[in-house]
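**Student:** Right, I'll just put the structure down here and ask away after.
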Amino acid sequence: MTTNLFQPFRLNDSLELQNRILMAPLTRCMADDDLVPTQQMVDYYAKRAETGLIISEATIIRPDAQGYPNTPGIFTQAQIQGWRNVTDAVHQAGGKIFLQLWHTGRVAHTYFFGGEHVLAPSARQLEGNLSRTRELTYQMPKPVSKDEIAQLVLDYTKAAENAIEAGFDGVELHGANGYLIDQFLHHDSNVRDDEYGGSPENMARFPLQVVDAVIAAIGQDRTALRVSPAAYFNIASDPRDKAVFEYLLPELNKRNLAYLHLGLFDDSMSFDDLGGNATDFVRKHYTKTLVGVGGYSAETGSDAITKDRFDLLAIGRPFIANPDYISKVKQGIEVTPYSEEMLATLN
Ligand SMILES: Cc1cc2nc3c(=O)[nH]c(=O)nc-3n(C[C@H](O)[C@H](O)[C@H](O)COP(=O)(O)O)c2cc1C
């Protein structure tokens, strides 16, 4: 019933996946205090190497990108070496792994990096407390200057080069879930009146500059992107956002990315501002390899691929509960259900 998941899939001339299941990026907050991946993380990823492609937990490109405790980085030699241990172990076990590159923008907090302010497209503050450090509240961000935008593009590029040095098969730019790149793409967080705001083309400018710079550095075959047209997390939705993605998605078609990945928790949801389902919206405007995600089992995901809603299936929480998810599904063994308490230990 799920046999289509277990066919190899050629992403491009450089990469063939052993099956169509991706491990979705899952933040676990288990790096050491220098944000270096640990031996426990090496073991965690290596156990999941039967997956067609592992996408690492979101990994910060520089200190002021941090909004959660103990999230790994990719900007020091020690972090690069720590990740090298992970990629070596995954490769030895026959797997492939991309690094997800992250800047949290206004979801960051100076508590983590000791700076003066957090950066975002505009001075539009999130309400409430940080999700995994509840005693801290979000801060009013400083709008990034054009010089700071140029520096951010350089820092994403350097982080991508560091990822290749660390042995990753590629990178996924985290353009989803209300973090920095996504903040440029939504009217709730971007009220700029320069060439980075005010129109779909301007709002897509920074995301496309990052994509293009990373492609120039490491190649289109090794560059992927995650997007959330439906603002549903860390950001409020606005009916004008749809037009931004109607501009962005055809632009991305021209880039020949390794894949485009939906940023979603539940793909059964419908979003009024998009006129329905987010995956169907993206499929309509984006014609290349698409990764679907959000509340899927192997059976429902396999069915969605059969119906051509997307090409590859990303699985998140079930991988936390089942290190051996792939062999269980292949053999028809029932998977262990996920529960939030499982986040406390890295298994
Ligand atoms: C604990 C946890 C951590 C997550 N961390 C990330 C992350 O680092 N980057 C990201 O893009 N999405 C992250 N997500 C979203 C997942 O990648 C995925 O989209 C979501 O869990 C829905 O898929 P699922 O129903 O198969 O779990 C996280 C989700 C959970 C539950």
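**Student:** I need the strands (runs of 3 or more DSSP E) fully contained in the range 240-347, keeping only those with at least 3 residues that are open to solvent by 10 Å² or more (accessible area, probe 1.4 Å) and under 29 Å from residue 13 (Cα atoms).
**Tutor:** Per the criteria, no element qualifies.
**Student:** Going through the range 183-210 one residue at a time, which ones are within 17 Å of residue 64 (Cβ to Cβ) and within 16 Å of the ligand (Cβ to nearest atom)?
**Tutor:** Residues satisfying the conditions are 183, 210.
**Student:** Can you find a residue in the range 214-226 that is among the β-branched types (Val, Ile, Thr) and either over 30 Å from residue 161 (Cβ atoms) or touching a Gly at 6+ places or on another chain (Cβ under 9 Å) (or both)?
**Tutor:** yes
**Student:** A further question on this structure: Scan (1) under 27 Å from residue 30 (Cβ atoms); (2) away from the ligand (no atom under 16 Å from the Cβ); (3) not basic (Lys, Arg) for the single condition residue 289 breaks and write down its number.
**Tutor:** The single condition residue 289 does not satisfy is (1).
**Student:** Give me a count of the residues in the range 223-237 that are over 17 Å from residue 102 (Cβ atoms) and open to solvent by 30 Å² or more (accessible area, probe 1.4 Å).
**Tutor:** 3
**Student:** For the range 294-344, which positions are within 11 Å of the ligand (Cβ to nearest atom) and of a type in the set (Phe, Trp, Tyr)?
**Tutor:** 296, 319, 325, 338
**Student:** Would you confirm whether any residue within the range 175-191 is among the acidic types (Asp, Glu) and part of a loop (DSSP other than H, G, I, E, B)?
**Tutor:** Yes - at least one qualifying residue is present in the range 175-191.
The values are calculated or read from the model by the stated rules, or taken from the named source; none is laboratory data. Keep in mind it's a predicted model, so treat the numbers as computed, not measured. Every residue, glycine among them, receives a Cβ derived from its backbone with ideal geometry; neighbour counts consider all protein chains shown. Ligands, DNA and RNA are stripped out before the accessible areas are found, and what is left, the full protein with its side chains, is counted by its heavy atoms. Shrake-Rupley method; radii C 1.70, N 1.55, O 1.52, S 1.80 Å.
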